[in-house]
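Remarks on the structure that follows.
The values are calculated or read from the model by the stated rules, or taken from the named source; none is laboratory data. Just so it is clear, the structure is predicted and the values come from calculations on it, not from any experiment. Note that we place each Cβ from the backbone using ideal geometry, even for glycine, and neighbour counts take in every protein chain shown. Heads up: the accessible areas ignore ligands, DNA and RNA and are worked out on the full protein's heavy atoms, side chains in. Shrake-Rupley method; radii C 1.70, N 1.55, O 1.52, S 1.80 Å.
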Amino acid sequence: MAFVLHGGILSQIYLGVLFTAFCFQTMTVQGAALKPEGASESSGTVINHSMILVQRLEALLAQGNGSDVSLRVQTVHSDEVKVFQAHSLVLSLQSEVFEGLLEHRNSSTLTLREPADCAAVFEKFIRYMYCGEIAVQLEQAIPLHKLASKYTVLALQHGLSQYMTLHLASDSPHGHVVNWYHYAMQIGDVALRDSCLQFLSWNLSSVFQSGEWGSVSADLLLSLLQRSDLILQSELELFEALEAWIGQNQPGGLTIENALRAVRYAMIPPQQLFRLQKQSPLLLKYHQSIQDLLYMAFQFHSASPLQLAKYFDVNCSLFTPRNYLSAAWGSPWVINNPTRDDRSMSFQTQLGPSGHDANKKVTWNALFSPRWLPVSLRPVYTEHGAIQAARPDNGHPRIIVTPATSSADFAGVSFQKTVVVAVRQQGKVLVRHVYNFHQSTEETGDFLAEADLQHRGSDYLIDSSLYLHIVVKPIYHSLIKAKK
């Protein structure tokens, strides 16, 4: 039976148990690990029994020995109640909020009202307060974070934010990244919000095919539609997914108009645009709201880009491609044994997104080198031979992408290259990283810098191979200032 004393004074039983547990740290126990502090024989030795202390503290919670407060957790909008026998000292050490609540309580019972999702994980939360360890499942991350935030358990709060950032790619039946994004927006966690948004942008085609797409909020939808770094098959795929989202969510007319005006119709081939105008109920209904964009798209496809640039700003988002994975915009590239010899390949893309340039092809040569040396480290050759030798293992992986030929058609067009690195996580192939460059990934400075390609189990490899996709984005430039 616990001896409960008010005013924050611990019972004699509780104090005795804590003192006994503490003393275990300085006793020699069979199987304990001895760790020398230094190489010298005269230096001290650390006897570590911290796990015994943790186990005894956990036993205090489980058995209620020395308890001086009962936590009565009542589920909001429910008659469900859970009671935990706890200890004021432990709660106060871990949480300033609990310290304040315990100082102003009028009895040995402290009543806490929690929403159902938080009440369901409250036992895990309290256990963490005693032993500093918690097993988290995907669906428990948000309610646990809510509790850690409410009671200012900062270490747990930070740890759960990191957990969510690191488990965006984890598999779940109904998806979780969209929900985590909305939660990050709600609590103002900018780092988690940006991580979720980047993951969704890089894996949008997978999101389209999951149950998460329907749970995307209107604000998140518009944020995604405005990005140029989306990775998907084509702009048509994006329009069809938008059409499905609108059909499922039935948003207001203003939201629909804003979303439709964020579609880059100029990136859709004219024959597909004609079909959409006749067969899409959404476009038929809202044709008036976007007819100016459709008109500009058809002009874009019919006129020479050089002629169009005289009258329109061809650098606006309407004429800027995203990271499209279809064959017209690049090529996949699987590199077996990426730590060995250089690899090369050739592929073709269309000269530009305009229908005027659709039949004009550009052939590209791509070279992958596992040990590419920066200019500053390359050997300098003289008449006496190399005077500066660099070790091959000083190099870093690099990709160079150059056109096989030059053409007058390239005038007014610049080519932005993107390398998409895919990995397998939780049984799914997802985008791990994206690198943008002009000619060589040496320009980025961090290409595969964190990838341990020497290790067969590297997170960047799938079955010991490097899975890449090179995207070439042709961008037109205004040669003459557009007329007002």
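Considering segment 97-142 alone, what residues qualify as being more than 32 Å from the chain's Cα centre (by Cα) and not hydroxyl-bearing (S, T, Y)?
Quick first cut of segment 97-142, residues more than 32 Å from the chain's Cα centre (by Cα) only: 98-113.
Result: F98, E99, G100, L101, L102, E103, H104, R105, N106, L110, L112, R113.
For segment 277-290, a residue qualifies if it is farther than 16 Å from G247 by Cα and open to solvent by 10 Å² or more (accessible area, probe 1.4 Å), and the qualifying residues are Q277, K278, H287, Q288, S289. Among the residues of this structure, D409 counts as one that is closer than 19 Å to D357 by Cβ, modelled with pLDDT under 90 and among the charged types (D, E, K, R). For segment 187-238, a residue qualifies if it is over 18 Å from P251 (Cα atoms) and among the β-branched types (V, I, T), and the qualifying residues are I187, V190, V207, I231.
Looking at the structure I just gave you, is S149 of a type in the set (S, T, N, Q), open to solvent by less than 60 Å² (accessible area, probe 1.4 Å) and at pLDDT below 95?
Numbers: of a type in the set (S, T, N, Q): yes; open to solvent by less than 60 Å² (accessible area, probe 1.4 Å): yes; at pLDDT below 95: no.
Judged against the criteria, S149 is not a match.
Residues that are more than 18 Å from T418 (Cβ to Cβ) and open to solvent by 100 Å² or more (accessible area, probe 1.4 Å) within segment 438-458 comprise E450, Q454, H455, R456, listed in sequence order. Just need a number here: residues in segment 258-271 that are surrounded by 14 or more Cβ atoms within 10 Å (Cβ to Cβ) and outside any loop (DSSP other than H, G, I, E, B). Going through segment 258-271 one residue at a time, the tally reaches 7.
Of the listed requirements (1) out of contact with any Pro (no Cβ under 8 Å at 6 or more places or on another chain); (2) at pLDDT 85 or above; (3) closer than 20 Å to F122 by Cβ; (4) not small (G, A, S), V76 misses just one: (1). Could you please let me know if D393 is at pLDDT 90 or above, over 30 Å from R264 (Cβ atoms) and open to solvent by 70 Å² or more (accessible area, probe 1.4 Å)? Against the criterion (at pLDDT 90 or above, over 30 Å from R264 (Cβ atoms) and open to solvent by 70 Å² or more (accessible area, probe 1.4 Å)), D393 does not qualify.
Mind telling me which of the residues I268, I187 ends up being touching a residue at least 24 places away in the same chain (Cβ under 8 Å) and in contact with an Asp or Glu (Cβ under 6 Å, 6 or more places away or on another chain)?
Details: I187 fails: in contact with an Asp or Glu (Cβ under 6 Å, 6 or more places away or on another chain).
Exactly one residue qualifies, and that residue is I268.
Only residues in segment 413-430 that are touching a residue at least 60 places away in the same chain (Cβ under 8 Å) and surrounded by 13 or more Cβ atoms within 10 Å (Cβ to Cβ) count as the first member; pair them with residues that are assigned to a strand (DSSP E or B) and among the polar types (S, T, N, Q), Cβ under 6 angstrom, at least 6 apart or cross-chain, and list the lot. If the second residue must be assigned to a strand (DSSP E or B) and among the polar types (S, T, N, Q), the pairs left are T418/N323; T418/N436.
The set of residues in segment 108-131 being among the small types (G, A, S) and open to solvent by 50 Å² or more (accessible area, probe 1.4 Å) consists of A116, A120.
Residues in segment 219-249 that are in contact (Cβ under 8 Å) with a residue 60 or more places away in the chain and surrounded by fewer than 16 Cβ atoms within 10 Å (Cβ to Cβ): Q226, S228, D229, Q233.
Taking V54 as the residue in question, decide whether it is modelled with pLDDT of 95 or more, in contact with a helix residue (DSSP H, G or I) (Cβ under 9 Å, 6 or more places away or on another chain), assigned to a helix (DSSP H, G or I) and more than 30 Å from H174 (Cβ to Cβ). Considered against the rule, which asks whether it is modelled with pLDDT of 95 or more, in contact with a helix residue (DSSP H, G or I) (Cβ under 9 Å, 6 or more places away or on another chain), assigned to a helix (DSSP H, G or I) and more than 30 Å from H174 (Cβ to Cβ), V54 comes out as no. Can you tell me which residues in segment 335-365 are of a type in the set (D, E) and closer than 14 Å to I399 by Cβ? Selection gives D342 alone. Enumerate the pairs (first residue in segment 456-484 and on the phi > 0 side of the Ramachandran plot; second residue anywhere and of a type in the set (S, T, N, Q) and at pLDDT 75 or above) with beta-carbon separation below 8 Å, excluding pairs fewer than 6 apart on the same chain, so at least 6 apart or on different chains. Hits for this filter: S464/N336; S464/N337. What is the residue count in segment 211-237 for residues that are more than 25 Å from Y183 (Cβ to Cβ) and assigned to a helix (DSSP H, G or I)? The qualifying residues number 3.
Here the condition is being open to solvent by 30 Å² or more (accessible area, probe 1.4 Å) and either of a type in the set (A, V, I, L, M) or closer than 13 Å to I268 by Cα (or both); of L318, L325, it holds for L325 alone.
Evaluate the following for F98: is it modelled with pLDDT of 80 or more and aromatic (F, W, Y)? It is true that F98 is modelled with pLDDT of 80 or more and aromatic (F, W, Y). Reported count of residues in segment 339-362, each being under 29 Å from L453 (Cα atoms), open to solvent by 30 Å² or more (accessible area, probe 1.4 Å) and in contact with a strand residue (DSSP E or B) (Cβ under 6 Å, 6 or more places away or on another chain), is 7. If you go through segment 100-155 and pick out every residue that is among the small types (G, A, S) and outside any loop (DSSP other than H, G, I, E, B), you end up with 8.
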